[in-house]
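What follows is a single structure, written as structure tokens, with notes after it.
The values are calculated or read from the model by the stated rules, or taken from the named source; none is laboratory data. Just so it is clear, the model here is predicted, and its values are computed rather than measured. No Cβ is skipped: glycine too gets one built from the backbone with ideal geometry, and neighbour counts run over all protein chains shown.
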Amino acid sequence: MSFNLATMLTETASATPDSPVHLMGGTATTYRELDEQSGRFAAGLRDQGLQPGQVVALQLPNIPHFLVAYFGALKAGMVVLPLNPLLMAPEIEYHLGDSSATLLIGFEGLAAEAGKACETLGVPLYLVSLSQAPVPEGTRPFGELMAVASDGEAVPRNADDTAVLIYTSGTTGKPKGAELTHFQLYMNCTIAGQLFGARPDDVTLAVLPFFHVFGLSSVINVSVRYGGCMSIVPRFAPAAVLDVLETDRCTVIAGVPTMLHALAQLDISGRDLSALRVAVSGGASLPEDIMRTFEGKYGIEVLEGYGMSETASTTSFNRPGDRRVLSIGKPIWGVTMRVADSSDQPLPPGRDHVGEILIRGHNVMKGYLGRPEATAETLRGGWLHSGDLGYQDEDGFYFIVDRAKDLVIRGGFNVYPREIEEVLYAHPGILEAAVIGKPDERLGEEVVAVVVRRAGSEVSAEEIIAYTRERLAAYKYPREIRFMAELPKGPSGKILKSALRDG
């Protein structure tokens, strides 16, 4: 079966060419314009000799150019690799190398780290420049890829071909690229959009990072699939977001709990927010008091969902008028969930029967790029093993009780302790290290490193923080360092992180 995910854009542009696809800073872009721009980008990639199936990396903030490059690369039959703009050079180099990316689209204000990685690997770096200033030596302007006329045709792809690579570490080892297909992403945004009643007249707040599967699938894809409009905000600043909600007459808020918490603290008296009709929350568990405060202030319902990079965003969702507070909802159409014990046997409903959440359906990834063993382990027995612990109630609602292993969720971003621990262990003054999360009212969790110094070392907390800050993205490095003479260990010698958290 031939199917290209970019069909969503071409079909909507054909049906409603003059409708706005996005707003930003008071400027509107129509579906016809985005369709034409992305077509030229696709032609530019082909003109550079790129072939269908090759990987195009995007390291951009939330700006219109992301949409041009995203749909353009899809139209050209290529695989899109979205990257966090905050990644440092070694991290960028790893992702580009592991995915065999053929080029990187970067941003002028964040070009230094990308430039180092691309120079090392010999990967061309094209930069988006909003200032119109000349790009640095060794890089090329984004506009070079827009100079070829579009032929208007998307390259046919098989429905099971990989469309997007989303890198995730799980909880251990190096990040792995989850392969999300054209059909999988189409089904996920189609079903998710139906659940909260996506409409052509919707204006969705687009402040979730586009590089994240939540922003990519549940904001960009849903909006374009249903012919709605995105109100693009490059970064989350509560007061500025409130202005956008009012000015652009937003109808849908999609965010993580920390965003809803910040918006709930604002004074909205005198604001006209009457267009708002629903909020969607994901990325981390939403505390009940935040939900109640937000709903009371904004007068709309918050619908919480659950998903993973490996499930193209949405797996379960609370429906309008059919929700359970603190629950992640029920499986979406075409998806089956199960709570299983350590032998993968199903457990009965009830909060006393906590097990691992297993997932099966059209939303599950093909696998991890070039990682057959990791793929087999995660997808064993025909079920995706989420690594999340939870239970199901008698009415079919699912509840998460803990993140399996040691994942820390900081401000909606997954932070994997082992990655940080590896950086810490490379420091000459550190003997042992363990990274944990601690509750944080604003971010949900904050990253804490518990460290044992080497004999004779006097390395300070400030020095350790500076060391990790140079080597890790800004959302990853620990803000707090605790020193111990010895880390608690179990009989096998494994560090007992539970004891560190309890302490």
message = Please go through segment 21-31 and give me each residue that is outside any strand (DSSP E or B) and at pLDDT 95 or above, ordered by number.
response = Tyr31
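Would segment 82-104 turn up any residue that is at pLDDT 95 or above, aromatic (Phe, Trp, Tyr), under 30 Å from Tyr226 (Cβ atoms) and not in a strand (DSSP E or B)? Even if it seems obvious, please write down each step before you answer.
So in segment 82-104, the residues at pLDDT 95 or above come out as 82-83, 89, 92-104.
Next cut, aromatic (Phe, Trp, Tyr) only: 94.
Keeping just the survivors that are under 30 Å from Tyr226 (Cβ atoms) gives none.
Scanning segment 82-104, I find no residue that is at pLDDT 95 or above, aromatic (Phe, Trp, Tyr), under 30 Å from Tyr226 (Cβ atoms) and not in a strand (DSSP E or B), so the answer is no.
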note = Taking segment 232-277 and keeping only residues that are of a type in the set (Gly, Ala, Ser) and surrounded by fewer than 23 Cβ atoms within 10 Å (Cβ to Cβ), one is left with Ala237, Ala239, Ala240, Ala262, Ala264, Ser269, Gly270, Ser274, Ala275
ask   = Here are some residues: Leu34, Leu45. Which one is out of contact with any Gly (no Cβ under 8 Å at 6 or more places or on another chain) and either surrounded by 20 or more Cβ atoms within 10 Å (Cβ to Cβ) or at pLDDT below 95 (or both)?
value = Leu34
ask   = If the Cβ limit is 8 Å and pairs must be 6+ apart or interchain, which residue in segment 112-125 that is touching a residue at least 24 places away in the same chain (Cβ under 8 Å) and over 19 Å from Gln54 (Cα atoms) pairs with which residue that is hydroxyl-bearing (Ser, Thr, Tyr) and buried (at least 20 other Cβ atoms within 10 Å of the Cβ)?
value = Gly115/Thr139
message = Considering only segment 435-443, I want to know if a residue exists there that is of a type in the set (A, V, I, L, M, F, W, C), without any contact (Cβ under 8 Å) to a residue 12 or more places away in the chain and under 18 Å from Leu487 (Cβ atoms).
response = no
key: Extreme residue, modelled with the highest pLDDT, among residues of segment 323-341 that are in contact with a strand residue (DSSP E or B) (Cβ under 8 Å, 6 or more places away or on another chain), at negative phi and surrounded by fewer than 16 Cβ atoms within 10 Å (Cβ to Cβ)   = Thr336
inquiry  = I'd like the residue in segment 436-468 that is basic (Lys, Arg) and farther than 22 Å from Ala237 by Cβ and, out of all such residues, is nearest to the chain's Cα centre (by Cα).
reply    = Lys438
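Could you list all residues from segment 272-303 that are under 18 Å from Leu195 (Cα atoms) and either out of contact with any Ser or Thr (no Cβ under 8 Å at 6 or more places or on another chain) or of a type in the set (D, E, K, R) (or both)? Spell out how you get there, then give the answer.
Initial filter on segment 272-303 (under 18 Å from Leu195 (Cα atoms)): 276-283, 300-303.
Hits for segment 272-303 are Arg277, Ala279, Ser281, Gly283, Ile300, Glu301.
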key: segment 43-60: number of residues that are within 17 Å of Leu104 (Cβ to Cβ) and in a helix (DSSP H, G or I)   = 2
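Scan segment 248-287 residue by residue and report those that are of a type in the set (Ser, Thr, Tyr) and assigned to a strand (DSSP E or B).
Of everything in segment 248-287, just one residue is of a type in the set (Ser, Thr, Tyr) and assigned to a strand (DSSP E or B), namely Ser281.
Does at least one position in segment 61-68 carry a residue that is part of a helix (DSSP H, G or I), among the aliphatic types (A, V, I, L, M) and surrounded by fewer than 20 Cβ atoms within 10 Å (Cβ to Cβ)?
no
Could you please find all residues in segment 8-20 being assigned to a helix (DSSP H, G or I) and crowded, with 17+ Cβ neighbours inside 10 Å?
Met8, Leu9, Thr10, Thr12, Ala13
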ask   = Going through segment 125-167 one residue at a time, which ones are touching a Leu at 6+ places or on another chain (Cβ under 8 Å), farther than 23 Å from Gly370 by Cα and not aliphatic (A, V, I, L, M)?
value = Tyr126, Pro136, Gly138, Thr139, Arg140, Pro141, Phe142
note = In segment 455-485, anything farther than 25 Å from Gly411 by Cβ and either at pLDDT below 90 or among the hydroxyl-bearing types (Ser, Thr, Tyr) (or both) is listed as Ser457, Ser460
inquiry  = Condition check: over 27 Å from the mean Cα position of the chain (by Cα), closer than 21 Å to Gly387 by Cβ and not basic (Lys, Arg). Does Ser498 satisfy that?
reply    = yes
request  = Within segment 212-247, track down each residue that is out of contact with any helix residue (DSSP H, G or I) (no Cβ under 8 Å at 6 or more places or on another chain) and either acidic (Asp, Glu) or in a loop (DSSP other than H, G, I, E, B) (or both).
outcome  = His212, Pro234, Arg235, Ala237, Asp243, Glu246
query = Do you know which residues across segment 288-345 are part of a strand (DSSP E or B) and without any contact (Cβ under 8 Å) to a residue 12 or more places away in the chain?
reply = Asp322
key: Residue satisfying condition, being surrounded by fewer than 15 Cβ atoms within 10 Å (Cβ to Cβ) and under 30 Å from Arg324 (Cβ atoms), within set Gly437, Gly396   = Gly396
